[in-house]
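Participant: My structure is below; once you've seen it, I'll send some questions.
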Amino acid sequence: MKVKLHHFAYNIKPNELELVLELFKKLGCTLSYREENARWCMIEQKTIPIDIQIIETNDQSISIEKKINTHIAFLSNTPKKDIEEIKYWLKDKDVNFKQGSWSDKELWFDLPDIFINFVIEIMHTSIVE
């Protein structure tokens, strides 16, 4: 069998797609596909041939204990600084922000009123070196 990984799909609350697209733009992603005013889209980082599909749904959010095990992970030389910048940016937008970590090099944040089934992790690049 020859199959090729294409994308992952994650859910967000209704009417939050544009904000989430702005957030992912800050994380270095770009919109790769969206039909007119559809409430879902595909995003990518040009250097990686895998897309992330973001879908608005009316589902209930899962518990944070489960959410942190389903994360979208990014690498950075300055994860603490990056998370602080995102936190500051979202404060102006009055978005509920929660953060945590698995270690001093593996940090995550949640937007509990927006993300349904995932958090975003920002890891220090030394984790994979």
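Participant: For the range 5-44, name all the residues that are within 19 Å of Thr70 (Cβ to Cβ) and among the polar types (S, T, N, Q).
Facilitator: Asn11 - this is the single residue of the range 5-44 that is within 19 Å of Thr70 (Cβ to Cβ) and among the polar types (S, T, N, Q).
Participant: Would you tally the residues in the range 53-68 being within 12 Å of the chain's Cα centre (by Cα) and assigned to a loop (DSSP other than H, G, I, E, B)?
Facilitator: 1
Participant: Return the only residue of Phe118, Phe97 being within 21 Å of Gln53 (Cβ to Cβ) and in contact with a helix residue (DSSP H, G or I) (Cβ under 9 Å, 6 or more places away or on another chain). Give the steps one after another, and end with the answer.
Facilitator: Numbers: Phe97 fails: within 21 Å of Gln53 (Cβ to Cβ).
Matching residue, one of Phe118, Phe97: Phe118.
Participant: Out of the residues in the range 112-129 meeting the condition of being surrounded by fewer than 16 Cβ atoms within 10 Å (Cβ to Cβ) and either among the aromatic types (Phe, Trp, Tyr) or farther than 17 Å from Leu21 by Cα (or both), tell me which one is farthest from the chain's Cα centre (by Cα).
Facilitator: Within the range 112-129, the match that is farthest from the chain's Cα centre (by Cα) is Glu129.
Participant: Quickly run through the range 53-76 and pick out the residues that are surrounded by 15 or more Cβ atoms within 10 Å (Cβ to Cβ) and either closer than 24 Å to Lys4 by Cβ or in contact (Cβ under 8 Å) with a residue 60 or more places away in the chain (or both).
Facilitator: Gln53, Ile54, Ile55, His71, Ile72, Phe74
Participant: Contact list please: Cβ distance under 6 Å, first residue in the range 90-111 and more than 15 Å from Glu22 (Cα to Cα), second residue charged (D, E, K, R) and part of a loop (DSSP other than H, G, I, E, B), pairs at least six apart or on different chains.
Facilitator: The qualifying pairs are Asn96/Asp113.
Participant: Additional query: Could you list, in sequence order, the residues of the range 112-129 that are touching a residue at least 60 places away in the same chain (Cβ under 8 Å) and part of a loop (DSSP other than H, G, I, E, B)?
Facilitator: Those that are touching a residue at least 60 places away in the same chain (Cβ under 8 Å) and part of a loop (DSSP other than H, G, I, E, B): Asp113, Ile114, Ile116, Asn117, Phe118.
Participant: Could you tell me whether any residue of the range 91-98 is buried (at least 16 other Cβ atoms within 10 Å of the Cβ), under 17 Å from the mean Cα position of the chain (by Cα) and not in a loop (DSSP other than H, G, I, E, B)? Steps first, answer last, please.
Facilitator: Keep residues of the range 91-98 that are buried (at least 16 other Cβ atoms within 10 Å of the Cβ), which gives 95, 97.
Checking the rest, the ones that are also under 17 Å from the mean Cα position of the chain (by Cα) come to 95, 97.
With the extra rule that they be not in a loop (DSSP other than H, G, I, E, B), the set shrinks to none.
No; the residues of the range 91-98 include none that is buried (at least 16 other Cβ atoms within 10 Å of the Cβ), under 17 Å from the mean Cα position of the chain (by Cα) and not in a loop (DSSP other than H, G, I, E, B).
Only the coordinates and a few stated rules stand behind these numbers; no lab work does. The structure presented is a predicted model; accordingly, all values stated were derived computationally and were not measured. Using ideal geometry, Cβ is built from the backbone for each residue, glycine included, and neighbour counts are taken over all protein chains shown.
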